[in-house]
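Comments concern the structure below.
Taken together, the values in this text are just the output of simple stated rules run on the coordinates, not laboratory data. Being a predicted model, the structure only gives us computed values, none of them experimental. Every residue, glycine as well, gets a Cβ built from its backbone with ideal geometry; the counts of neighbours run over all protein chains shown.
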Amino acid sequence: MDYKTYWDKTNTPFLILHWWWWSSESWKQVVSMLKKYFFVIVLDYPCGSKLVNCDKIYTLDDYVDLVKKLVDKLSLKDFILFWHSNGGAIATKFITKYPNLPVKKIILNNSAWIRKDKKRNFKRKLFLCISKIIKPIFSLPWMWKIRRLFYRFIWWQDYLDAEQNPNKKQTYLNMINSDLQNIFPEIKKETLLIWWENDTYTPLSDGKIINNFIKNSKLVVIPNVKHWIHLQNPDELVQVILDNTIV
């Protein structure tokens, strides 16, 4: 586990956990604006970040324990949890496993909590079936670029990246099979849900379901944006955060 801290520790701590297989580097623009108001911490976790080695197979509970160790190490109090995409699964399990931690607010940004429903199960089974059929062809060295394009087309780019390391591959499969719908109602903390209208990874319908389950939650929908607003339009993301955190 690795992490970076920014600005004054006397400000309210703002802990960011990013999505799968990127890094704290992708949040630089957002951090540069948030650090004027918060003590920002960005976590890079093993197998889930380009900056940290994948030394073993991890489960969702392993990641939750890593976050707990970081919170304890930095003695964070009255802090804001911000989690994007895959980080949302870790946040959900974390906040329900340790409900008495001094968390001031949760901000979930297009979080991947819902893993199992009829549509997702069908797509996963279809993908696995197609993969078995075409694997002998795609295993040829000269087919690598075509294979990457195919995986990107069916939204399984993360699987392809993880496949290059056995530990990372199994960790990825552990994460995408962790469905957390049954523990939504356990979240009692004030929660802000920020969702992009046109997201295809974690659709807006997921955000609406979560909003209904968490009583103390507010859903903010940003139009005409997909999954990567922190890269495409970080100003808009930061403004929504500030509008709902700074009194």
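Listing Val225, Val220, Val67, Val40 from fewest to most neighbouring C-beta atoms within 10 Å gives Val220, Val225, Val67, Val40. Using a cut-off of 31 Å between Cα atoms, the listed pairs Lys69/Lys168; Lys28/Lys104; Lys9/Lys168 include Lys9/Lys168 as exceeding that distance. Among the listed pairs Lys36/Lys208; Lys35/Lys208; Lys36/Lys218, a Cα-Cα separation exceeding 26 Å is found for Lys36/Lys208; Lys35/Lys208. Working from label points 7 Å from Cα in the Cα-to-Cβ sense, the Gln164 to Asp55 distance is 2.1 nm.
Toward the positive end of the charge dipole of region 35-115, with +1 on the Cβ of Lys and Arg and -1 on the Cβ of Asp and Glu, the farthest Cα among Leu108, Tyr45, Leu60 is that of Leu108.
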